[in-house]
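The values are calculated or read from the model by the stated rules, or taken from the named source; none is laboratory data. Treat the numbers as computed from the prediction; the structure is a model and nothing was measured. With ideal geometry, Cβ positions are generated from the backbone for all residues, glycine too; neighbour counts draw on all protein chains shown. Keep in mind that these areas ignore ligands, DNA and RNA; they rest on the heavy atoms of the full protein, side chains included. Shrake-Rupley method; radii C 1.70, N 1.55, O 1.52, S 1.80 Å.
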Amino acid sequence: MSVASEKRCITVALLGNPNTGKSTLFSALVGIYQRVGNYPGVTVEKRTGRFRYQGRNFEAVDLPGLYSLAVRSRDELVAVQVLLGQEKGVPPVDVIVCVVDASNLERNIYLVGQVLGLGIPTVVALTMVDVAQRRGISIDTEALCRALGVPVVPVQAHLSKGLEALEEAISRAVESPPEPRSPSLPDVLIAETDRLAERLAEKGLLAAVCRER
């Protein structure tokens, strides 16, 4: 990595289904170095924070929870726009951390599959491992890693377990050149986003929705 890349702040987006422990993980990563505000033009909460690992600066963005990239709400629209580099005030995302509930793997993995299609370096943070174990669920993280083609790191954020391994995986992901990204979203997702933006604009909930094609 170049000297310029070493000095710049690397943007890490935390994404996942609601109630996966994503915000707890975010707070464990950034500690007291977090800021809370709103995204421009909407009341959607914007949570960002910074952390350092091996001399590198990382800017973490805690995105609103969602089940799919086919948006159905303002929160989901903001999350997708951040991932696509189309949200004002948020630099392009360098790494995505998909937060996955180990006790509900089948429900969570759908979103991971969609995220991998974006071509952005991705790391899976496997939360609720203790809950899964109590339910008799055992997950072979190495097999899951091979199946997805991305690092899978078990974490227990409330106990600060797995955080260093996650930071290392994020740092390594930055070094891997991203695969070519499609110039636009699938037509069905574009249509969904346009319809949502129109409805919100009609109700005065969005001052403007700008999206580059």
Item to complete: Would you mind getting the accessible area per residue of region 1-148, heavy atoms of the protein chains only, 1.4 Å probe, in Å²?
Response: 45
Worksheet item: Of the listed peptides 161-172, 135-146, 94-105, what is their order by residue-averaged count of other C-beta atoms within 10 Å, with the highest listed first?
Response: 94-105, 161-172, 135-146
Worksheet item: Say R0 is 41 Å: what FRET efficiency, to the nearest 0.05, do residue 141 and residue 86 get from their beta-carbon distance?
Response: 0.80
Worksheet item: Given the convex hull of the Cα atoms of region 135-175, what is a quarter of its surface area in nm²?
Response: 3.6
Worksheet item: At what distance in nm do the modelled label points of residue 168 and residue 9 sit from each other, each positioned 7 Å from its Cα along Cα→Cβ?
Response: 2.7
Worksheet entry | Estimated Rh, region 91-168: Kirkwood, alpha-carbon pairs, angstrom | 12.9
Fill in: Extension gain (nm, one decimal) between residue 105 and residue 176, 0.36 nm per residue minus Cα-Cα
23.0 nm
Worksheet, complete the sentence: Non-local residues with an amide H under 5 Å from the amide H of residue 99, with H modelled 1.01 Å from N and Pro and chain starts lacking one, are 15, 16, 125
Worksheet, complete the sentence: Expected sort for 10-18, 48-56 on mean C-beta neighbours within 10 Å, highest first, is 10-18, 48-56
